[in-house]
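Where a number appears in this text, it was derived from the coordinates with a stated rule and is not lab data. Small disclaimer: the values here were computed from a predicted structure and weren't measured. Neighbour counts run over all protein chains shown; Cβ positions are idealised from the backbone, glycine included.
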Amino acid sequence: MNLLEIKDLYVSIGKKEILKGINITVPFGEVHVLFGPNGSGKTTLLSAIMGFEGYRIEKGRIIFDGKDITGLPPYERAKLGIGISFQKPPAISGLKLRRLVEICAKDKKKIEEYAKILNLSEHLEREVNVGFSGGEVKRSELLQLLVQEPRLVLLDEPESGVDLENVALIGDAINLLLGRKIKPEQEKSLKEIRKERKKSALIITHTGYILDYVEADIGHVLLDGRIICSGNPREILHTIKRHGYSECYKCLEE
């Protein structure tokens, strides 16, 4: 069964058309990765799925767990079980991180446990993201998602601006978020890994570092607002690292 279905989606920002007929299906328990150069529409796609203001859907539908959510506001989508981690989340003066995660939490008893796992125990009494390092901001976002317990996780470049040590911690946290505590290097098959997952994810990555810690099922290349190919995420990443997006543009031209 499919948790997310995006059908022939066209999205504009202001007068500019950004997404041009996107079709993606994410089954229960699968992790999909979005590749693409800056300006290709990746963040726009996640924002449209979340229902943020300013992203106007011109055509198409977004189906979540069998329900058409195309016209729902963000808070309704969050209630249904969709959560998002921003690439550059804002700092919020006057609001302590503890209070924010209490608002998000389904089970407040887990706050301390997750904060400890993410090395954020001392940050709970600080204002949200104020004075946080890049890695601390990313971990703060994941803490909010962990306590929210969404069924579909949207992650916008979770490894950007993060040192390698923090990428490993973030990778472990994402696996925990997806309901899987086993690390990929423990040599379980993707079929076994998928059985362990309780949630699905759509992840934007530029560097691909996160794939060293989170097993992905499918990769998609998004260029000029269109999905031009889908397949093995590691093979796609290898091609991009070797040739850049020049090979992808050839496919778009064809």
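Around Thr70, which amide H atoms from residues at least 5 apart in sequence, or from another chain, sit under 5 Å from its own amide H, with H modelled in the peptide plane?
Residues meeting the criterion, in which the H sits 1.01 Å from N, are Ile62.
Among Leu222, Leu177, Leu4, flag the residue with its Cα farthest along the positive direction of the charge dipole of the range 2-253, charges on Cβ as +1 for Lys/Arg and -1 for Asp/Glu.
It is Leu4, whose Cα lies furthest towards the positive end.
Rounded to the nearest 5, what % of DSSP beta bridges with both residues in the chain are antiparallel? If you can, show how the numbers build up before the last one.
Details: 25 of 42 bridges.
Antiparallel: roughly 60 percent of the beta bridges in the chain.
One quarter of the convex hull surface, Cα atoms only: what value does that give for the range 1-146 in nm²?
Dividing the Cα hull surface by four gives the mean projection, 9.8 nm².
Suppose each label sits 7 Å from its Cα in the direction of the beta carbon; what would the Ile13-Phe52 distance come out to in nanometres?
It works out to 0.8 nm between the two label points.
Collect residues whose amide H, placed 1.01 Å from N in the peptide plane, falls under 5 Å from the amide H of Gly36; neighbours closer than 5 in sequence don't count.
Placed amide hydrogens put Leu222 under 5 Å from Gly36.
Which of the pairs Lys110/Lys241; Lys15/Lys96; Lys109/Lys199; Lys79/Lys109; Lys59/Lys199; Lys59/Lys88 have their Cα atoms more than 30 Å apart in this structure? Spell out each step's value before the answer.
Values: Lys110/Lys241 39 Å; Lys15/Lys96 38 Å; Lys109/Lys199 21 Å; Lys79/Lys109 20 Å; Lys59/Lys199 28 Å; Lys59/Lys88 28 Å.
Where the Cα-Cα span goes over 30 Å, the pairs concerned are Lys110/Lys241; Lys15/Lys96.
Working only with C-alpha atoms, what are the Rg and Dmax values of the chain, expressed in angstrom?
Values for the chain (Cα only, Rg and Dmax): 17.7, 55 Å.
Given a Förster distance of 45 angstrom, what is the FRET efficiency for Met1 paired with Lys108, based on the Cβ-Cβ distance and rounded to 0.05?
Numbers: r = 31 Å, r/R0 = 0.69.
Working from the Cβ atoms, E equals 0.90.
Could you check the spin-label model distance between Phe28 and Lys198? Points 7 Å from the Cα along Cα→Cβ, value in nm.
Those two pseudo-labels are separated by 1.3 nm.
Show me, for the range 18-29, the HN-Hα J-couplings you get by feeding each phi into the Karplus relation (A = 6.51, B = -1.76, C = 1.60, θ = phi - 60°), rounded to Hz, glycine and proline as x.
These are the phi-based 3J(HN,Hα) values: 9, 9, 10, x, 7, 10, 9, 10, 10, x, 4, x Hz.
How much of the calculated P(r) for the range 60-164 lies past 16 Å, in percent of all Cα pairs?
Working: 3239 of 5460 pairs.
I get 59 percent for the Cα pairs in the range 60-164 exceeding 16 Å.
Could you pull out every residue, at least 5 positions away or on a different chain, whose amide H is within less than 5 Å of the one on Arg126? Hs are placed 1.01 Å off N in the peptide plane, and Pro or chain starts have none.
Under 5 Å from the amide H of Arg126 lie the amide H atoms of Leu97, Arg98, each far enough along the sequence or on another chain.
State, to one decimal in nm, how far the label point of Thr70 lies from the label point of Arg234, with both points 7 Å from Cα in the Cβ direction.
Label at Thr70, label at Arg234, 3.8 nm between them.
Per residue of the range 69-82, what does 6.51 cos²θ - 1.76 cosθ + 1.60 with θ = phi - 60° give for ³J(HN,Hα)? Whole Hz please, x for Gly and Pro, Karplus curve as stated.
10, 3, x, 7, x, x, 5, 5, 5, 4, 4, 6, x, 10
In which sequence would His243, His32 go, from the one with the fewest C-beta neighbours within 10 Å to the one with the most? Working shown, then result.
Numbers: His243 11, His32 20.
Placing the least packed residue first, the sequence is His243, His32.
Only helical DSSP H runs with n ≥ 4 go in: add -39500 (n - 2.57) per run for the chain, normalise by residue count and round the 222 nm mean residue ellipticity to 500 deg cm²/dmol.
Computed ellipticity for the chain at 222 nm equals -10000 deg cm²/dmol.
Rank the residues Met1, Met50 as a footprinting-exposure proxy: fewest other Cβ atoms within 10 Å of their Cβ go first.
Values: Met1 7, Met50 20.
Least crowded to most crowded, the residues run Met1, Met50.
Counting other beta carbons within 10 Å of each Cβ, put Ile49, Ile204, Ile103 in order, fewest first. Working shown, then result.
Values: Ile49 25, Ile204 22, Ile103 11.
Exposure proxy ranking, most exposed first: Ile103, Ile204, Ile49.
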